[in-house]
1. Within region 132-169, count every residue that is modelled with pLDDT under 95 and either more than 28 Å from residue 85 (Cα to Cα) or in a helix (DSSP H, G or I) (or both).
2. Mind counting the residues in region 167-193 that are β-branched (Val, Ile, Thr) and under 19 Å from residue 210 (Cβ atoms)?
3. If you go through region 122-131, how many residues are touching a residue at least 60 places away in the same chain (Cβ under 8 Å) and either basic (Lys, Arg) or in a loop (DSSP other than H, G, I, E, B) (or both)?
4. Taking residue 100 and the conditions (1) crowded, with 17+ Cβ neighbours inside 10 Å; (2) in contact with a Gly (Cβ under 8 Å, 6 or more places away or on another chain), which numbered condition does it fall short on, given that it satisfies the others?
5. Does region 189-202 include one or more residues that are touching a Gly at 6+ places or on another chain (Cβ under 8 Å), open to solvent by 70 Å² or more (accessible area, probe 1.4 Å) and at pLDDT below 95?
6. Find the residue count for region 167-188, including only residues that are in contact with a helix residue (DSSP H, G or I) (Cβ under 8 Å, 6 or more places away or on another chain) and open to solvent by 40 Å² or more (accessible area, probe 1.4 Å).
7. Can you give me the ranges of the strands (runs of 3 or more DSSP E) entirely in region 20-121 with at least 3 residues that are at pLDDT below 65?
8. Which one of 211, 221, 169, 176 is among the hydrophobic types (A, V, I, L, M, F, W, C) and more than 21 Å from residue 93 (Cα to Cα)?
Amino acid sequence: MEFTALIVKSVILVSFLSSQGSSYYVNVNLAVMETHHMGNEIAAFDISFTAIKEHIIGDHEHSKPTDEMILDAGYPAENHDVVTDDGYILRLHRIPHDAGGTYNRTRPVVFLQHGLLSSSADWVVTGPGKALAFLLSDQGYDVWMGNYRGNTYSQQHVNQDIDKKTYWAFSWDEIAEQDLPTMLSHMMEVTGQDTFYYIGHSMGTLTYYTACNYHHWIQNATRLMVGYGAHTAVPNLISPAFYLLAYFANNLEWISDHLGMYEFLPSNWLIEWWASVVCTEEMRTQAVCRNILFLVGGYNKNEMNDTMLPYLLGHVP
């Protein structure tokens, strides 16, 4: 297992260095394998490298924030920040009316909620005429998009001194109990509407169902709930990435260093580099980029838009 882990790390390292013109210092530390008394093997082999990452990050064109993408498309955009009872600060994005339209409090309200490792960007990244948020706006809806705690837009807390371990000590259950009702309540207060439409994807459906158990007013106020990839359990998960992570779960040090100890799969330099350098429209490595996404979501070639790859990866998660 450790030898395979070495190969995986080396491939990532070599592919990274081969595309860069700068000098990098690579430290290879070969140490004795240690076996914990509980049976957890600790792979002491580690690859670390120091790079001037500023030269490979910051491809703004492929990672514009949600509100900027909305404005670029010619639609009005609003940012709303709300605070949950347990202190998490959440960012909502709103498209109050269509391009060229005017404010109208009689517009029906629709709330869009992203899934795991995602954000409100999912609903606008493909642009006008394609993205659901724009399509709904064109049809006369007041569109609101939520962002759950911990994602790109909702990483603040009222306690500025909170440590990472405490901040990340939550699951989708706290999200359902705290985040969703807080965002929905704010939307209803601002719009003056007492009912809404709800569209969720993946975890955005699971948290809706759970939130209804905690807060019965949510289901009473919902005119229609639409679930994309709706689930309450994942017995048929086909993601190779999660199987791989499970297989290398004992290699805790490398996983925590590169995927995050508390924050799972942060939008870090590795993802951003892959999006801006590897996954450009001009390069012939589109298949590699597709495989990156398929590692997370499972293989489905017919569901992949090659042209959008740099933009999709630019917003992961």
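The values are calculated or read from the model by the stated rules, or taken from the named source; none is laboratory data. Treat the numbers as computed from the prediction; the structure is a model and nothing was measured. No Cβ is skipped: glycine too gets one built from the backbone with ideal geometry, and neighbour counts run over all protein chains shown. These area figures cover heavy atoms from the full protein model, side chains too; ligands, DNA and RNA do not enter into them. Shrake-Rupley method; radii C 1.70, N 1.55, O 1.52, S 1.80 Å.
1. Residues that pass the stated criteria total 4.
2. 2
3. 2
4. Residue 100 satisfies every listed condition except (1).
5. yes
6. As a first pass, look at region 167-188 and keep what is in contact with a helix residue (DSSP H, G or I) (Cβ under 8 Å, 6 or more places away or on another chain): 172-173, 175-177, 179-181, 184, 188.
This time we only want the ones that are open to solvent by 40 Å² or more (accessible area, probe 1.4 Å), so: 172-173, 177.
Going through region 167-188 one residue at a time, the tally reaches 3.
7. Counting at least 3 such residues, we get 25-29, 46-50.
8. Answer to the check: 169.
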